[in-house]
Structures are given as structure tokens and as C-alpha cells.
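What follows draws every value from the coordinates through simple rules; no lab data is involved. The structure displayed is predicted, hence computed values, not measured ones. Every residue, glycine as well, gets a Cβ built from its backbone with ideal geometry; the counts of neighbours run over all protein chains shown.
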Amino acid sequence: MQEAAHGRAPAVATGIKRAIPESIVFTYQGDGDLASIGTAEIIHAAARNENMTVIFVNNAIYGMTGGQMAPTTLPNQRTTTSPRGRDVSSAGNPLKMAEMLATIDGPAYIERTTVHNIKGISRTKKAIQKAFQNQVDKKGFSLVEILSTCPTNWGMTPVESLSWLEDNMMEYFPLGVYKDIEEEK
Amino acid sequence: MARKLMKGNEAIGEAAIKAGCHLFFGYPITPQNELPEYMSKRLPEIGGTFVQAESEVAAINMVYGAAGTGSRVMTSSSSPGISLKQEGISYIAGSELPCVIVNIVRGGPGLGGIQPAQSDYFQSTKGGGHGDYKLIVLAPSTVQEMVDLVQEAFDLADKYRNPVMILGDGMLGQMMEPVEFKEREIKKVDHSSWATVGMGDREKPNIVNSLYLDPQELEDHNHKLQRKYDEITANEIRYETYNCENAEIILIAYGTTARIVQDVIPMAKEKGIKLGLIKPITLWPFPYDVFNDYVDSTKAFLSVEMSMGQMVEDVKLAVNGKKPVHFYGRSGGMIPTPEGILENVIEVLGGLE
């Protein structure tokens with residue numbers, strides 16, 4: 001395992017994969033990491049179609065640093081750095097990474113899933129399996145964006161946060177397969 | 001082996017390949033572009049990999065990833081780009097990964113200019129990124145020396161699991177000189193105890209990181225790094241001296257500036273002035289002790305640099321107040337002339353009489 005600097009995992013993974021192409025390489029990244037500080041790295045790893053797997057956990061907040069606004073924080077969502085709710089007129093709009101990355105010609109597979117219910121967990125498992133199988137089969141860059149909760153920093157009970165995800169996040173970040181080169185054939 | 005006329009930047013590339021470096025991650029910036037261009041042409045011919053990264057930040061992190069597998073890997077840039085790489089360099093040093101970083105220095109600060117300078121001495125030798133760490137910094141003054149030091153840099157990086165910086169300047173990078181690639185054995189180092197090359201037969205995974213949340217563990221890690229830096233200081237200091245016995249004034253210069261100073265020595269002799277030169281080749285570790293050999297016999301020291309005065313601080317540490325230490329520098333891409341240096345020497349001597 002290599003620990004990458006915040007946002008740089010796709011570049012570090014590129015270095016590993018290019019050094020040892022037969023190794024199975026994946027990155028595990030949060031929303032602040034992948035959609036803010038590491039935006040350039042993820043876009044260009046996708047554009048180069050690096051044969052790697054990206055597991056992208058989107059919980060709409062910076063959890064490890066204590067609940068600050070993330071690039072995926074929803075409009076009007078309260079965080080410690082958007083205490084009156086995210087005002088898109090000054091704080092900008094959330095980034096829809098799966099949709100953005102799917103516009104690039106490079107990637108093999110991009111899907112957004114959720115883990116807030118059993119059906120979602122089961123679908124997520126299949127998506128992750130496919131994202132790794134693609135790498136084994138040398139099909140190229142595969143990314144699974146997984147909507148997830150953060151009860152502590154959302155200030156909710158775990159059960160409340162599951163419904164909040166379904167009622168709010170899924171509307172802004174619709175689930176689905178955004179790119180699959182197999183289906184395009 | 002026959003000598004070949006090569007541009008400095010291209011010679012670095014060929015030297016790296018001959019040292020077994022098959023991975024290069026770069027980003028364009030003047031005046032080092034010939035190096036990534038050369039690698040983009042040559043590496044695919046030998047089954048190696050060249051990637052033009054999306055930024056210097058990405059390039060150094062690709063180096064981190066590849067170095068973490070124990071592979072010989074290199075990146076290059078010039079001053080503003082090296083500033084961008086500092087985060088990654090600190091991580092590489094903290095994680096103890098071997099790699100070679102080339103800085104073909106241009107004038108700063110900020111966007112600065114594209115002409116040669118030596119104003120990245122502090123950044124290269126005193127840290128540059130965050131935390132307590134050291135790079136081994138090698139300063140060639142000819143294209144041949146660049147070739148020899150690049151090859152040596154990979155051995156040093158592997159031996160100490162430490163990033164090595166080749167500190168050139170725009171003049172050396174752009175200059176064409178005849179070079180010889182000496183046959184040398186690539187020293188194979190076994191990295192299997194730490195490199196991330198897959199589990200193999202291991203019971204525990206190898207982990208490359210620089211995170212120590214327990215303060216005592218982090219302090220222990222820093223002590224470990226320091227012991228390594230002490231070992232490097234004990235074993236790897238390189239410098240050359242010219243004409244220093246009984247010299248009235250000893251000039252200290254590295255890289256391009258050292259070559260100019262070598263021209264000043266005979267000019268001064270004609271005027272009856274005996275000048276010496278100490279040319280540090282490792283800027284870190286700096287050759288402090290050699291100054292002890294001459295501090296009693298010389299009248300003063302003069303540090304000549306293409307900066308506003310950076311290495312002069314190490315010269316002052318070395319001389320430790322025993323003799324006057326002077327500075328003469330040009331900056332912003334202006335090159336010191338032999339005449340300008342000699343004039344300064346005469347001023348220093350006048351002040352001493």
C-alpha cells in the first residue's frame with residue numbers, strides 16, 4: 001500500500017501502474033480529495049485511460065477534518081464552513097464527478113451507486129467487482145462513485161442520515177451507469 | 001567509448017537511461033524542455049515509459065508512486081516548477097523513496113525569467129518543502145560532470161533511499177559539449193523489504209507512507225532520518241580545490257560560476273594576485289571541513305554566485321568568523337564576467353590592506 005498526499009492518489013497510482021503494469025492498482029478517495037484538491041489528477045488519469053480502479057466515496061462533506069463544506073456539498077446544506085447553508089452564489093455549485101468524467105473519451109466504466117440500503121449495497125458490490133475485473137481484463141480506467149452518509153458531521157442519527165441521503169443526495173447525484181465501453185459496442 | 005557532442009539537457013536523459021532509469025514523468029517548462037523531449041523519444045525505444053503529466057504536482061506524485069515500487073525513476077523541471085513539486089519531494093523524503101530530480105535553475109522569484117541562475121540554493125539545500133528532511137544535492141559544472149553525476153545520483157538514491165537533486169542551470173542545460181558515457185555497472189539494490197511490488201510470499205504488506213500520528217513515533221522517525229543524513233554527511237561530501245595552497249583569497253563557486261572563476265585565476269595571476277577556488281560538488285552535504293585546511297593561510301573568502309547571496313551563508317558557517325567572508329553575485333539571468341569577478345577581488349584585497 002502507498003499512502004498518497006491529499007488528492008494525488010491518481011498520479012501516485014499512475015506511477016505504480018506504469019512501473020509494474022501487471023499489478024492491480026486502485027485508489028480510494030473521498031469527495032474533497034477527488035473533486036476538489038485532486039480534480040486535475042482524476043480528470044487526467046481518466047483521460048489517459050490509466051488501467052486502474054477508483055473507488056470514490058461521496059458523502060457531501062469533509063469528514064476527517066471535522067465537517068467543512070466539500071465540493072459535493074449540496075446547495076443550502078449546512079457545514080462548519082457554510083453555517084447558513086451552502087450559498088451557491090458565493091460558494092459555487094456542487095460538482096457531479098461521474099457525469100463530468102463520462103464526457104471524457106478515455107474511461108472504460110463509470111457508475112454512481114449508493115450504500116444507504118440493501119439494494120444499493122448489492123449494486124455497489126457488483127459495480128466494484130466490475131471495476132476491478134475491467135482492470136484485470138485491461139479494459140482501462142474504471143470508477144465507482146458511491147453515495148455515502150456521514151451522520152457525525154451531518155449532525156443526524158444514522159437512520160436519519162440514510163433518509164437524508166435518499167431524499168436529497170440522490171436527487172442531485174442520480175444513480176446509474178454513466179459510461180460503459182462494453183455497452184457502447 | 002567515443003565522445004559525442006550533446007546538449008546538457010539531452011545528456012542528462014541519456015545518462016539516466018544508461019543508469020537504468022526507464023521511467024520519466026515530466027511537465028514542460030523552459031529551460032529544461034530538451035530533457036523530457038529526449039526522454040519521450042528515447043524511452044519507448046528501450047521499452048521504458050514516458051508520461052507528460054498534467055502538472056508538476058502530478059509528475060512528482062507519479063515519481064512517488066513509481067519510486068515506491070523500487071524502480072529507478074526521474075523527473076525534471078525548472079525553478080517555478082520545482083516549487084510546485086515541493087509537496088511531493090517532502091513526501092518522498094519522509095517516505096524514504098529513491099529518485100532523481102533535476103532542477104535546471106532559472107531566475108526568480110515568482111515567474112522570474114528563463115535565463116540561468118543559482119537562486120534555488122536555499123530551496124534545494126535547506127529543505128524547500130515542509131518538515132525536517134534533506135536532499136542530496138549534486139552540482140555539476142560541465143556537461144561531462146552532469147553525465148557522471150546523474151549516473152551516480154541513481155546509485156546514491158538507492159543506497160540511502162533518499163531523493164537526489166541534480167542542480168544545474170539554464171546555461172548548463174542549453175550548452176553543447178563533448179561527453180563520454182563511461183561503462184559502469186548498474187548497482188542492483190534489493191528493495192524487496194519495503195517496496196510495494198505485490199504481496200508475493202510476504203505475510204505482511206509493504207507500506208509506503210510518511211504518516212505518524214503518534215508524536216513519539218514521528219520523533220523516532222525524524223531521528224532515524226537524521227542518522228541517515230549524518231551517514232551521508234560522513235561518506236558522500238564531494239568538492240574540488242584549485243590553487244588553494246597559499247592563496248591570498250579563496251573563491252567559492254559551484255556549477256557554471258565555478259567555470260567562470262577558473263578563468264579568473266590566471267587573469268589574477270598576471271596582476272600578481274594568487275587566487276584559489278573551492279568548488280563544492282555536493283551542495284548538501286556542504287563541504288564545511290575543507291575550509292579548515294586553508295583558513296589560516298588565506299586572507300579572505302569570496303563566494304561568487306548567480307544569486308543575491310545564498311551559498312555565502314554556508315561559507316560563513318564554515319569559516320566561523322576566523323576570516324572575512326565576502327560575496328559577489330549577479331542575478332536574474334545576468335552572468336558574472338571574469339572581469340567583474342576580478343574587479344571584486346581587487347576591491348576585497350584593497351579593503352584588506
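Rounding to the nearest 20 debye, state how big the charge dipole of segment A:69-133 is about its Cα centre with +1 on each Lys and Arg Cβ and -1 on each Asp and Glu Cβ.
So the dipole magnitude of segment A:69-133 works out to roughly 360 debye.
Between segment B:153-216 and segment A:136-180, how far is it from one alpha carbon centroid to the other, in angstrom?
40 Å
Please work out the C-alpha center-to-center distance from segment B:306-353 to segment A:19-45 and express it in whole Å.
The two parts, judged by their Cα centres, are 48 Å apart.
Regarding segment B:4-235, what is the average projected area of its C-alpha convex hull, in nm²? Working shown, then result.
Values: hull surface 51.8 nm².
Taking the Cα atoms of segment B:4-235, their convex hull projects to 13.0 nm² on average.
Which loop chymotrypsin sites (Phe, Trp or Tyr not before Pro) in segment A:11-95, with loop taken from DSSP, have no more than 13 other Cβ atoms within 10 angstrom of their Cβ?
Details: sites: A:26, A:28, A:56, A:62; in loops: none.
Sites meeting the loop and neighbour criteria: none at all.
Using a 10 Å cut-off around each Cβ of peptide B:207-219, what is the average number of partner chain Cβ atoms that fall inside?
Numbers: counts 3, 6, 4, 2, 1, 0, 0, 0, 0, 0, 0, 0, 0.
Across B:207-219, the average partner-chain Cβ count within 10 Å equals 1.
Please state the shape class of the protein assembly as shown: rounded when a/c is under 1.5, otherwise prolate if a/b exceeds b/c and oblate if not, all from the C-alpha gyration tensor.
Prolate, since a/c reaches 1.5 and a/b exceeds b/c.
Where the only charges are on Cβ atoms (+1 Lys, Arg; -1 Asp, Glu), what is the dipole of chain A about its Cα centre, to the nearest 20 debye?
Charge dipole, chain A, about its Cα centre: 180 debye, nearest 20.
Can you sort B:169, A:31 so the residue with the fewest Cβ neighbours within 10 Å comes first?
Final ranking by Cβ density, sparse to dense: A:31, B:169.
Which of rounded, prolate or oblate describes segment A:28-171 when judged by the alpha-carbon gyration tensor and an a/c cut-off of 1.5?
Working: a/c = 2.38, a/b = 1.47, b/c = 1.62.
The shape class here is oblate.
Taking a ≥ b ≥ c as the square roots of the Cα gyration tensor eigenvalues, with a/c under 1.5 meaning rounded and otherwise prolate when a/b beats b/c, else oblate, which class fits segment B:240-352?
Here segment B:240-352 falls in the rounded category.
Which of the GluC sites (Glu not before Pro) found in segment B:260-335 are loop residues per DSSP with 14 or fewer other Cβ atoms within 10 Å of their Cβ?
Within segment B:260-335, no GluC sites (Glu not before Pro) qualify (loop, at most 14 other Cβ atoms within 10 Å).
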